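Working notes, structure below.
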Amino acid sequence: MNETEQPWVTWLIPILNGMPFLPSGLQTIVDQTYRNYTVLVWDNGSTDGTLEELRRWIPERIPGRIVADRPLPLGASLARLVEEAETEFCARFDADDLNRPERLERQARFLLEHPSVGVVGSQIHTIDEHGNPLPEYNHESSDAEIRWLARYGCRLCHPSVMFRRSVILAAGNYHDVPSEDTDLWLRTADVTEMANLPERLVCYRRRTGSVTGSIRDWLPVLRRIAESSATRLFPGIDDSERALDLWDATVPSRLTWIAENRHPAKPSHLRDLKRSAVLLARRVGKPDDYFTGAEIFREQYYLLKRRVLKRFGLSPLLWLRDRAASARV
């Protein structure tokens with residue numbers, strides 16, 4: 001894609017005390033192979049020299065502007081950034097992370113080639129505060145899996161995403177709530193397709209002193225997020241208590257370690273889980289088996305059925321079925 005074919009992209013950067021990582025992060029913006037970009041920074045009351053450093057780069061080295069006189073909570077500042085952006089394509093960035101040079105080019109090309117996709121992330125390298133590599137993992141890449149898992153947690157690394165501004169506004173924009181990204185993706189899953197590119201385009205810094213870096217057990221965190229969005233989790237289930245009961249029984253083990261006996265599995269969970277997935281597919285204009293046919297759903301449903309049968313002493317039935325299936329292969 002040559003420069004004349006490149007739509008303009010706005011980097012959205014909310015920041016609070018971004019030193020000492022800010023200069024290296026800004027350099028990865030300068031080093032992009034994609035040139036049609038501007039930055040919009042919202043400073044939320046930095047006191048560590050962040051503003052002075054930003055002004056060394058913007059607008060002389062990086063085109064854009066800094067909003068420094070209206071500090072806000074994180075979710076509110078993100079919402080304002082989206083509102084004030086003047087381009088359709090917007091890329092998120094946090095001051096302590098690093099971008100690969102080809103990040104913007106790969107994501108902008110993908111959105112241009114896939115007009116039905118409103119949000120695209122990437123795989124990431126995870127590093128510590130010193131830049132040392134941490135264990136890596138992969139996020140799901142298919143739309144069906146990302147949107148279904150939005151009920152349970154965030155499967156898009158927030159600082160790695162590029163999105164269409166119009167889509168985020170249609171979903172209601174960011175809310176000023178804990179885990180503002182997880183809350184947004186759940187709402188966005190109702191209005192657009194989502195994807196993760198296979199490349200690791202961002203180095204995501206996990207610091208021990210940060211909010212996410214100090215978390216060791218994600219289950220209570222994910223449960224609190226589910227509580228705040230209970231009536232939106234599962235189509236066809238408007239009762240918060242019933243929705244959370246289904247969530248507790250079905251949260252996928254790949255998102256967090258969970259003992260099999262953590263929450264009683266009931267036959268009604270099997271019915272409700274499948275019915276909600278079918279209703280979600282219809283809501284977003286997809287075939288009925290769009291979510292139930294996804295690998296994550298099949299795995300989730302199988303493990304739930306195994307627990308239901310085990311609870312009623314019927315595990316041998318599943319063993320016989322699996323053995324018969326293996327024999328057919």
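FYI, it's all coordinate maths here, none of it is from the lab. Quantities reported herein were computed from a predicted structural model and do not represent experimental measurements. Cβ atoms come from the backbone with ideal geometry, glycine included; neighbour counts cover every protein chain shown.
The value of relative contact order for the chain, using C-alpha pairs under 8 Å at least six residues apart, is 15 percent. Peptides 33-43, 180-190 ranked from most to least packed by the mean count of surrounding Cβ atoms within 10 Å: 180-190, 33-43. Rounded to the nearest 20 debye, the dipole magnitude of the chain is 1640 debye, with +1 charges on Lys and Arg beta carbons, -1 on Asp and Glu beta carbons, and the Cα centre as origin. Across Ser179, Ser122, Ser228, mean-square fluctuation computed from a Gaussian network of the chain (C-alpha pairs under 10 Å connected) peaks at Ser228. In order along the stretch 180-196, phi translates into HN-Hα couplings of 4, 6, 4, 4, 5, 5, 4, 6, 5, 4, 7, 10, 7, 7, 9, 8, 10 Hz, rounded to whole numbers, per the Karplus curve 6.51 cos²θ - 1.76 cosθ + 1.60 with θ = phi - 60° and x for Gly and Pro. Near the amide H of Ile127, within less than 5 Å, lie the amide hydrogens of Leu134, Tyr204, Arg205, Arg206, all on another chain or at least 5 residues away, with H placed in the peptide plane. Straight-distance candidates among the lysines for linking to Lys310, with alpha-carbon spacing under 17 Å and chain neighbours fewer than 8 residues away dropped: Lys266.
Ordering of 291-301, 160-170, 109-119 by packing is 160-170, 291-301, 109-119, highest average first (other Cβ atoms within 10 Å, averaged per residue). If the Kirkwood radius is taken over C-alpha pairs of the chain, then at 37 °C and 0.692 mPa s the Stokes-Einstein diffusion coefficient equals 155 µm²/s.
Principal-axis analysis of the Cα atoms of the chain puts helix 103-113 at an angle of about 60° to the longest axis. For the stretch 20-37 versus the stretch 119-198, the inter-centroid distance based on Cα atoms is 21 Å. Taken one residue at a time, the phi angles of the stretch 158-173 give Karplus couplings (6.51, -1.76, 1.60, θ = phi - 60°) of 3, x, 9, 8, 10, 9, 8, 4, 4, 5, 5, 5, 5, 7, x, 6 Hz. Gly and Pro are set to x. Karplus-based coupling profile of the stretch 73-86, in residue order and whole Hz: x, 4, x, 5, 5, 5, 4, 5, 4, 4, 4, 8, 5, 10, with θ = phi - 60° in 6.51 cos²θ - 1.76 cosθ + 1.60 and x standing for Gly or Pro.
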